[in-house]
Structure formats: structure tokens, C-alpha cells
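Visitor: Quick one: the structure is below, questions incoming.
The values are calculated or read from the model by the stated rules, or taken from the named source; none is laboratory data. Because the structure is a prediction, the values reported are computed rather than measured. No Cβ is skipped: glycine too gets one built from the backbone with ideal geometry, and neighbour counts run over all protein chains shown. Just so you know, the surface numbers come from the protein's heavy atoms only, side chains and all, with ligands and any DNA or RNA stripped out. Shrake-Rupley method; radii C 1.70, N 1.55, O 1.52, S 1.80 Å.
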Amino acid sequence: MNRRNFLSLTGTFTAGSLILPDFLHAFGTQNNLVIGDQCVVFVQLNGGNDGLNTYIPFQDELYYKSRPTIALSKEEVIAGNNGMAFHPSLKDFATMQQNGDLSVIQNVGYANPVRSHFRSQEIWQTAPTNQEYLNQGWLGRYLDFQCNDHEPTAGINIDSIDNLALKGEEPNSITVKDPDRFTTKQTTDNSEQLSGNPQLDFVRKIANSVVEGSDAIQDALKKSTASEVNYTKNGLSKNLEWIARLIKGNLHSKVYYTSMGGFDTHDNQLAIHQNRLKELNDAVFSFYNDLKKAQLLSNVTIVVFSEFGRRVADNGRGTDHGTAAPMFIIGGNNQGKVIGSNPNLSDLDKGDLIHQIDFRSVYASLLEQKLNFSANKIGIKNSPLKGLF
């Protein structure tokens, strides 16, 4: 089954409010996956976030020469340190950094970068060694190893479509658009025999996992304590508030995933990017404070990333597709450092930043230092990034 068909078909079963027919009843109840008490929350910024206008080299005159129409002035940027500063919309990212809870990883990317949104997202989600096409995601492969049998809520994707990063041999993750409305029809029959059609059997197994997972999700929501934090009203805030409720309700998922779009800023970048970053800032900071009040921040690692950055030079209205960009790691007892050197705007590859840190090294660090798992087992050969945790 090709990826597009997989996403379309499984999205039908897993997005939003769900009622299943009798023949797709669950295999039966199973305990949730419990491996330690650490989990990782991924926030994917779709469209290619402009890293140079997010974490800004405000003391580099080449930044201003390259971006005469969209550069942020030295008076606008905030929390300047060692030549770098945050976009003014990210004031709470600066606060988290000053608290020692946020690490910035500079110039993250990969060799021979691809500037296609779809393919670059695919590379980040599958973590191939040499840009080969893989049918399974890096997190899906990890969950296949960690789950003795299939565990439907080992990974949670809060979205309206499945995420390739979580796709494995077994349906160890579940996609849901609205956990409060995530219900299933709980009637039993004996129609679970193999049909002889591998694709149909796979879809049945996914649907059965959804039934199992819905009960676990509802139980976790009932157990979770009311938030003492007022989340801002935007889509990402709502998704992160649900994730906080599931974590506080002891769902014991190892991986949570969500995303926000709107970062493809070819035109009218200053206004669009300011609004997008403010939504990101407000949502993540509310989530951060919620976890702190629940004394869970050290157990939860938040990863904010995009499939690529933007070109160094502006196009007069915005920026076009580029390459390397910063990643942000929040919580999880990270070291609160800036890792890597400032962007080198005098040494470019056809007008684009040259990546310094491979994203798979960040993955290896998350797997080995937060999830107690060897990255080599799922084909990630990069050494873990030093100094992150």
C-alpha cells in the first residue's frame, strides 16, 4: 500500500469522532505501554519555518544586507546573547531559555537537502540513512521494538491525518482530532478472521486498535486533573492542552505528536510570521506552565522543528525554501544551552545555509537519553548530539 493511500485510508478510521461497524470490534483489552516515566512531545511546524527570523543573528551585518525588506531590527529582537536573539513574538521562549529549560540547536538539517515540502517532511519523518524511500517512520520503528504486542496508545498523534513518523509494522499509535469526542461502538462479534486480503486485514487491525485506544484515552481524560493554566484559544493550544490532559491522566504514551501550518512565507512574511510565532509561543508556554504546575516538566521533552528553513536572502516580500534551521528542545531536564555555532552567512551553498548538525543526531539523543533505546536498532547510525541532556 503506498503512503498516500495509507494516510487516506487510516485517516478515515482515526480522525475525530468515530463510530465503527460491528465487524471491526477490538481484539480485547490490553495494558498500556509503560516504559519508565519519560515521554517526548513533537511540535512540527509545517511549511518551512524561517529560522533566521525566529532565532536571529542580530549582530551580523550580512543578515541585514541579505534581508533589506524583512530583517528584524536590533531594537525589536529580544533576549540577545552571543549575537543571537529571539523574534519579539517569542518572548516566552526567551523566558523558558532564561529559566534553563530551553535549548536551541543551531543549523539543523541534512546533507543534500531537498526543498520539496512533502519529500523533506518524509525524510524527517522516516530518518533514512541515504535519502532512500522508507515505508515506516522512525518513531513507528521504535514503537515496534518497544511493544511486545501491539499497543494502540504507545504513540498519540493529535491531528486530522495520520503521521508517517509513527507508522510501523504494528498499529502502535493512534490519530485523533478531538479526544473529547473520540468514541467507538462497543459491540462484539466474531468477524476477526483473516480475510486473505493483507490490506483489508491491516486496516481491520488499525480499526481494532482504535477501539482499544479510545477506551484508554477516555479513561486518561477522566483521571486528569483540571488545568490551572488558561490556554490561549488557537488550534495548537487546544492540541497541547489535550496532550497535557493525557499525560496527567497517566495514559503512559511514550510519544505525542502534533503540528501547525502556515510557515510557507513566500509573501507578506513579516505579518504572517509574527502571527504564527505568537500562536506557537502562547501554546507552548501554556503547555510548559501546565506541566510545571503538575511537576511533570522533567518527565516531558518538547521538540519544536520544521522540515527546512528559508533562503538567506529575501525575495522582496518574504523568503523561499531553504535548508538548515534551529530546533528547540524544552523540558526533559535538557541543559538549557545553545548548541552549535551561529549561522555562517558568509559561507553559503547556492544562497542557503550549510547544515552543521544532522537532525538524526538529535533523534539519537532523544531515543538513547530520554527513551532508553539504541538508535542503531532502527537504522539511525548518527551519534547522539552531545550537550543536549
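Visitor: Which percent of the accessible area of the stretch 232-367 is formed by carbon and sulfur heavy atoms (probe 1.4 angstrom)?
Guide: Percent of accessible area from carbon and sulfur atoms in the stretch 232-367: 44.
Visitor: What does the accessible area of residue 296 come to, in Å² to the nearest 10, when a probe of 1.4 Å is used?
Guide: 40
Visitor: Report the accessible area of residue 124, computed with a 1.4 Å probe over the heavy atoms of all protein chains in place, in Å² rounded to the nearest 10.
Guide: Estimated to the nearest 10 Å², residue 124 gives 10 Å².
Visitor: Further question: Would you calculate the volume per residue, in Å³, of the smallest convex hull containing every Cα atom of the stretch 81-136?
Guide: Expressed per residue, the convex hull around the Cα atoms of the stretch 81-136 is 149 Å³.
Visitor: In terms of Cα to Cα distance under 22 Å, which lysines are near enough to residue 381, apart from those fewer than 8 places away along the same chain?
Guide: The qualifying lysines are 167, 254, 370.
Visitor: Decide, for the stretch 205-300, between rounded, prolate and oblate: order the square roots of the alpha carbon gyration tensor eigenvalues as a ≥ b ≥ c, take rounded if a/c falls under 1.5, and otherwise choose prolate if a/b is larger than b/c, else oblate.
Guide: Cα axes put the stretch 205-300 in the oblate bin.
Visitor: Right, next: So which aspartates and glutamates pass the test for residue 74, namely a Cα distance under 20 Å, with those fewer than 8 places away in the same chain ruled out?
Guide: Reachable aspartates and glutamates: 50, 60, 61, 92, 314.
Visitor: Starting from the Cα-Cα distance between residue 219 and residue 268, subtract it from 0.36 nm times their residue separation and give me the gain in nm to one decimal.
Guide: Value of the extension gain: 13.2 nm.
Visitor: Now for a separate question. Please compute the length gained on full extension between residue 160 and residue 99, using 0.36 nm multiplied by the number of residues separating them and subtracting their Cα-Cα distance. Don't skip to the end; give the middle numbers.
Guide: Values: separation 61, 0.36 × 61 = 21.96 nm, distance 3.40 nm.
Answer, rounded to one decimal: 18.6 nm.
Visitor: For the stretch 58-85 and the stretch 329-389, what is the separation of their C-alpha centers, rounded to whole Å?
Guide: Answer, in whole Å: 24.
Visitor: Tell me, what is the FRET efficiency for residue 131 and residue 344 to the nearest 0.05, using R0 = 30 angstrom and their Cβ-Cβ distance as r?
Guide: Values: r = 24 Å, r/R0 = 0.80.
According to the calculation, E is roughly 0.80.
Visitor: Accessible area of residue 114, 1.4 Å probe, to the nearest 10 Å²?
Guide: 30
Visitor: Here is a follow-up. Which three extents, in angstrom, do the Cα atoms of the stretch 339-378 have along their principal axes, listed largest first?
Guide: 39, 19, 8
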